[in-house]
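First up is the structure itself, then whatever we jot down about it.
Computed from the coordinates by the stated procedures, all read-outs in this text should not be read as laboratory data. The structure presented is a predicted model; accordingly, all values stated were derived computationally and were not measured. All Cβ positions, even for glycine, are placed from backbone atoms using ideal geometry, and neighbour counts span all protein chains on display.
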Amino acid sequence: MVNASLFRRLLGPAMDALPAAVRAVHDADADLTLAGRADIWVSRHPLARLLCRMMRLPAAGKDVPTLIRFSRLRDGEHWHRTFGQRSYSTRLVARDGLLVEHMGPATNIFRLSVADGALRLDLIGFRFLGLPLPRALRPACAAIETQQDGAFAFAIPVDLLWLGPIIRYSGRLAPIERR
């Protein structure tokens, strides 16, 4: 599976159980751009807002214009996300059967699974400036990607054990460009 997509390498045959809209995003053999709308809730706690700003996560809003570009790399993928006026990029690779997302000074480590017609990305590890954070200090996230009315749909909750919910964002996207 050398030329297989990053998610195909990680999920193997389980990839085939995903809805068509999710497979089209994560099993594409070319770069892909999706556009749509998202609803974003951000905690009112000043520290939560500061953390979201530092990580360039989306600002709070309803029906926010959203654009995500997925670019395949030889060893993984590059994702560039724009929510309204705020953008951020991440680089994703596979390591030891896990999805590793490099996001500025943070590294998220996810276990992928497929259940009930959805892709689940469970955060099982987190590093900041290369140092692993203990479970009590790291974020918790169980992101879901599925299909709604034929469109790619996502729901991403991020919590901190010691602070509570930090951000929740969800939306629907459709392909607008393949290269």
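Going from the residue with the fewest nearby Cβ atoms within 10 Å to the one with the most, Ser170, Ser113, Ser5 rank Ser113, Ser170, Ser5. Distance between the C-alpha centres of region 1-43 and region 147-176: 14 Å, rounded to the whole angstrom.
Counting other Cβ atoms within 10 Å of each Cβ, which trypsin sites (Lys or Arg not before Pro) in region 75-128 have at most 12 and sit in a DSSP loop?
none
Taking the square roots of 5 times each eigenvalue of the Cα gyration tensor of region 112-154, largest first, gives ellipsoid semi-axes of 28, 10, 8 Å.
Since only Asn108, Leu133, Val64 are under comparison, the one whose Cα sits farthest along the positive direction of the charge dipole of the chain, derived from C-beta charges on Lys, Arg, Asp and Glu, is Leu133. Each residue in Leu67, Leu137, Leu99, Leu112 was given a count of other beta-carbon atoms within 10 angstrom of its own, and listing them fewest first yields Leu137, Leu67, Leu112, Leu99. For the chain, the mean residue ellipticity at 222 nm estimated from helices alone is -3000 deg cm²/dmol, where every DSSP H run of n ≥ 4 contributes -39500 (n - 2.57) and the total is divided by all residues, rounded to the nearest 500.
Equivalent ellipsoid of the chain: semi-axes from √(5λ) of the C-alpha gyration tensor, largest first, are 24, 20, 15 Å. Under the convention that each Lys and Arg Cβ holds +1 and each Asp and Glu Cβ holds -1, the size of the dipole of the chain around its Cα centre is about 600 debye.
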